[in-house]
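To keep things clear, I will list the structure first and then write my remarks on it.
Each reported figure results from applying straightforward, stated rules to the coordinates on display, with no laboratory input. The model shown is predicted, which means the values in this text are computed figures rather than measured ones. All Cβ positions, glycine included, derive from the backbone under ideal geometry; neighbour counts span all protein chains shown.
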Amino acid sequence: MPEGPETTEFSGSVPGSFPESAQAGLAPVAGAVQDVRRGAEHGDLYMDADAGRALLGQLTDIRSQVIDLISECGDLDQPLKFGDNWVGDTMNQKLRGAAAGEPRAFTPVLEEFQQVLNDLQRTVKYAAGLYTEVDEQTAEDLRKSMKFFDVGLGNGGNEAV
């Protein structure tokens, strides 16, 4: 005997919801940023170094805000206490899924936006000729990745391998 009345299955975000709209708008932007970044890497795009630094400052501020939002999203993926019954369990599951558990949820969309900002920062660095900053960022990304494997890159990664 099923608990509670029969319900229609719900999966994915509510049509027209923030995550769905944001993701739909973000996908073409992400592709365009990657195309422009590739052009900048090949020297097909130029930007004045001072203008590049100014734009990088703005992008860094935006990226910091997105990182803060993502870290605060951890609070969204907590069990909600709507009661120990099928209504409470259903509400808990749906709201947590919309916040953090589904591919089109709020948190994954913010993480995708952060990646677009990362690509945009690299594009500006290449276009403005700020290659040392690109190298430093790449080294920092590598150090962060190596932490997952518990591998130390002593001396800032400058040791012979």
Quiz item: Each label point is 7 Å from the Cα along the Cα-to-Cβ direction; what then is the distance between the points at residue 42 and residue 29, in nm?
Solution: 2.5 nm
Quiz item: What FRET efficiency comes out for the pair residue 89/residue 115, r = Cβ-Cβ distance, R0 = 35 Å, nearest 0.05?
Solution: 0.55
Quiz item: Tell me, in nm to one decimal, what length is gained between residue 80 and residue 21 on full extension, where the rule is 0.36 nm per residue of separation less the Cα-Cα distance?
Solution: 18.7 nm
Quiz item: Arranged from highest to lowest average of other beta-carbon atoms within 10 Å per residue, in what order do the peptides 78-84, 119-125 appear?
Solution: 119-125, 78-84
